[in-house]
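One structure is given below, encoded as structure tokens.
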Amino acid sequence: MNLRSPSLTWRETGVLAGGVLMAVVLRALLLPMRGLVGDLDQFVLWTHGLVVAPFGRAYDQNISFPPVMVYIWGVLAAIQPGFRTVVDSADPAIRAFMKTPASIADIAITLGVAYALRSRSRWAVIGALGIALNPAVIDVSAWWGQYESIYLLGALIAYLLAVSGRNGLAAIALAIALMTKPQAAPFLVPFAAWVLARDGWRGALRAAGIGAGTVVVLWAPFVAAGGPAAYLRSVTTYQNEIFSVLSLRAWNPWWILQIVAGGGDFIRDAVPIVGPATLRWVGYVVAGLLELAVFLAVRRRPTPEILAWGLAAAVLVAFTTLTTMHERYAYGALVFLALLLPDRRALVLWIAFSIVFTLNLLAAIPPTPEIGSILPVGGPLGIVGSISMTAISVATLLVLVRESRGRPSGAPDAAGEPPERTSETAPEGQQVPAQVVG
């Protein structure tokens with residue numbers, strides 16, 4: 001991306017560059033710190049295992065990530081010879097090394113948001129720095145050492161490609177996101193609706209084939225040693241034994257139920273409630289119905305704005321309705337709501353979400369005991385936070401559905417600007433290609 005594009009003034013370019021530099025410095029200071037020691041230790045141990053055994057046998061370890069993260073760890077192991085002997089994250093240099101890929105993805109997402117909003121230069125700066133300097137984003141990547149930003153980068157690239165008319169390449173980027181972490185799965189819903197509406201069944205099947213081919217290629221080095229089956233066993237163990245609870249400190253309706261019914265203790269989601277039905281399956285049914293609403297909305301009016309609303313709504317629907325949610329799994333909404341600036345509804349939801357999401361992260365895993373005492377994850381704060389996150393999710397879905405029904409031609413949008421011309425508002429017989437939001 002050329003930041004010094006005609007859409008950005010020199011002053012705006014300087015502010016953006018200065019903000020990105022500040023974001024890099026903040027991350028550099030946090031990278032060597034301990035973060036989530038248990039997870040980092042496990043990541044280091046897996047990376048060590050890639051060095052001392054054949055790469056194709058990576059899944060002989062209990063790796064709970066699809067292959068993209070294995071490739072990234074393999075690159076880290078090739079660069080840093082210390083992984084031949086290091087098996088934990090006690091060394092600050094090793095910790096920094098393990099956290100670096102996610103922080104690089106943070107900056108890449110920042111530039112992607114700026115690119116998407118480039119024709120609205122002031123909002124491009126606000127949206128980009130709202131990601132780069134957001135406490136929640138910094139916390140997840142540079143402090144905790146989690147890899148959410150990597151799959152979100154893939155989803156953002158898929159969006160930018162899709163709204164530029166490159167659905168085949170978007171399918172590759174989306175497949176890479178899904179093969180980074182399965183938490184990218186909700187993005188399949190609005191993207192599937194987009195491709196079906198824009199390219200028809202033939203185009204949708206083509207995109208699905210490209211995505212499936214990408215998945216096959218990514219798994220290819222691990223098939224001979226039974227990697228895919230081993231991965232599924234690991235994920236099943238995590239889901240059914242380790243994380244089989246209503247909410248893993250994610251502020252959603254399930255967290256309220258745990259506070260009220262369990263006194264703050266975790267409640268298993270796999271206990272039958274009526275016949276064989278469990279609370280986990282209740283979550284699946286509700287999520288499925290609401291994701292269907294997302295699909296139909298995007299398919300009804302496949303514009304770049306609707307796709308962005310759909311991606312944000314799909315993430316929030318999954319976060320608020322499914323069990324076993326971690327607090328950080330709502331992160332994607334922060335990125336895709338930013339693409340809708342300066343729409344006032346998106347701006348309000350973006351700010352509100354950022355506040356609630358950040359508080360959830362800080363309360364779930366406090367950086368210091370003092371913060372933990374100020375922000376208890378349970379009790380009244382957890383209930384208010386869960387209600388707020390649910391309200392944000394409902395509002396996002398309602399805006400998506402309302403916008404999908406369209407507005408009269410020439411009517412101003414919520415930002416007071418006339419609607420962009422699309423194939424729906426173009427004169428009969430003329431097709432106007434979709435433009436990137438902004």
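The values are calculated or read from the model by the stated rules, or taken from the named source; none is laboratory data. Note that the structure is predicted; figures quoted are calculated from it, not measured. As a convention, Cβ positions derive from the backbone with ideal geometry for all residues, glycine included, and neighbour counts pool all protein chains shown. Areas reflect the complete protein model, heavy atoms only, side chains present, ligands, DNA and RNA absent. Shrake-Rupley method; radii C 1.70, N 1.55, O 1.52, S 1.80 Å.
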In segment 214-225, how many residues are touching a residue at least 24 places away in the same chain (Cβ under 8 Å) and either buried (at least 18 other Cβ atoms within 10 Å of the Cβ) or in a helix (DSSP H, G or I) (or both)?
-> 6
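Rundown of residues vs (1) open to solvent by less than 40 Å² (accessible area, probe 1.4 Å); (2) touching a residue at least 24 places away in the same chain (Cβ under 8 Å), yes/no style:
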{"residue": "17", "(1), (2)": "no, no"}
{"residue": "26", "(1), (2)": "no, yes"}
{"residue": "31", "(1), (2)": "yes, yes"}
{"residue": "39", "(1), (2)": "no, yes"}
{"residue": "46", "(1), (2)": "yes, yes"}
{"residue": "88", "(1), (2)": "no, yes"}
{"residue": "95", "(1), (2)": "yes, yes"}
{"residue": "101", "(1), (2)": "yes, yes"}
{"residue": "107", "(1), (2)": "yes, yes"}
Mind listing whichever residues of segment 55-86 are in contact (Cβ under 8 Å) with a residue 60 or more places away in the chain and either more than 24 Å from residue 214 (Cα to Cα) or among the acidic types (Asp, Glu) (or both)?
-> 60
Taking segment 253-298 as the region of interest, how many residues are over 30 Å from residue 163 (Cα atoms), of a type outside the set (Gly, Ala, Ser) and in contact with a Gly (Cβ under 9 Å, 6 or more places away or on another chain)?
-> 6
Qualifying residues in segment 344-365 (those that are in contact with a Pro (Cβ under 9 Å, 6 or more places away or on another chain) and of a type outside the set (S, T, N, Q)) - the one surrounded by the fewest Cβ atoms within 10 Å (Cβ to Cβ) = 362
Can you tell me which of 336, 319 is buried (at least 24 other Cβ atoms within 10 Å of the Cβ) and touching a strand residue (DSSP E or B) at 6+ places or on another chain (Cβ under 8 Å)?
-> 319
Here the residues within segment 48-71 that are under 20 Å from residue 232 (Cα atoms), aliphatic (A, V, I, L, M) and open to solvent by 10 Å² or more (accessible area, probe 1.4 Å) are 50, 68
What residue, among those in segment 241-256 that are part of a helix (DSSP H, G or I) and open to solvent by 70 Å² or more (accessible area, probe 1.4 Å), is farthest from residue 360 (Cα to Cα)?
-> 241
Can you tell me which of 280, 299 is buried (at least 19 other Cβ atoms within 10 Å of the Cβ), touching a helix residue (DSSP H, G or I) at 6+ places or on another chain (Cβ under 8 Å), on the phi < 0 side of the Ramachandran plot and of a type in the set (Lys, Arg)?
-> 299
Answer yes or no: is there a residue in segment 301-324 that is more than 15 Å from the chain's Cα centre (by Cα) and farther than 22 Å from residue 191 by Cβ.
-> yes
Out of the residues in segment 152-199 that are of a type in the set (Gly, Ala, Ser) and under 21 Å from residue 140 (Cα atoms), which is most open to solvent (accessible area, probe 1.4 Å)?
-> 185
Considering only segment 239-257, how many residues are within 20 Å of residue 380 (Cβ to Cβ) and free of Cβ contacts under 8 Å to residues at least 24 places away in the same chain?
-> 1
Pairing a residue in segment 138-165 that is closer than 16 Å to residue 182 by Cα with any residue that is assigned to a helix (DSSP H, G or I) and among the acidic types (Asp, Glu), where Cβ atoms lie under 8 Å and the two sit 6 or more apart in sequence or on different chains, gives 146/39; 149/106
Within the set of pairs 6+ apart or on separate chains, which have a first residue in segment 274-294 that is without any contact (Cβ under 8 Å) to a residue 60 or more places away in the chain and farther than 10 Å from residue 322 by Cβ, a second that is open to solvent by less than 40 Å² (accessible area, probe 1.4 Å) and acidic (Asp, Glu), and C-beta atoms under 8 Å apart?
-> 278/269; 279/269
Any chance residue 8 is touching a residue at least 24 places away in the same chain (Cβ under 8 Å) and within 25 Å of the chain's Cα centre (by Cα) | no
May I ask you to list the residues in segment 155-212 that are of a type outside the set (A, V, I, L, M), farther than 24 Å from residue 105 by Cβ and in a helix (DSSP H, G or I)?
-> 198, 199, 200, 201, 202, 203, 206, 209
Determine, yes or no, whether residue 235 is of a type in the set (A, V, I, L, M), farther than 24 Å from residue 357 by Cβ and touching a helix residue (DSSP H, G or I) at 6+ places or on another chain (Cβ under 8 Å).
-> yes
Does residue 234 fit the bill of being in contact (Cβ under 8 Å) with a residue 40 or more places away in the chain, hydroxyl-bearing (Ser, Thr, Tyr) and touching a strand residue (DSSP E or B) at 6+ places or on another chain (Cβ under 7 Å)?
-> no
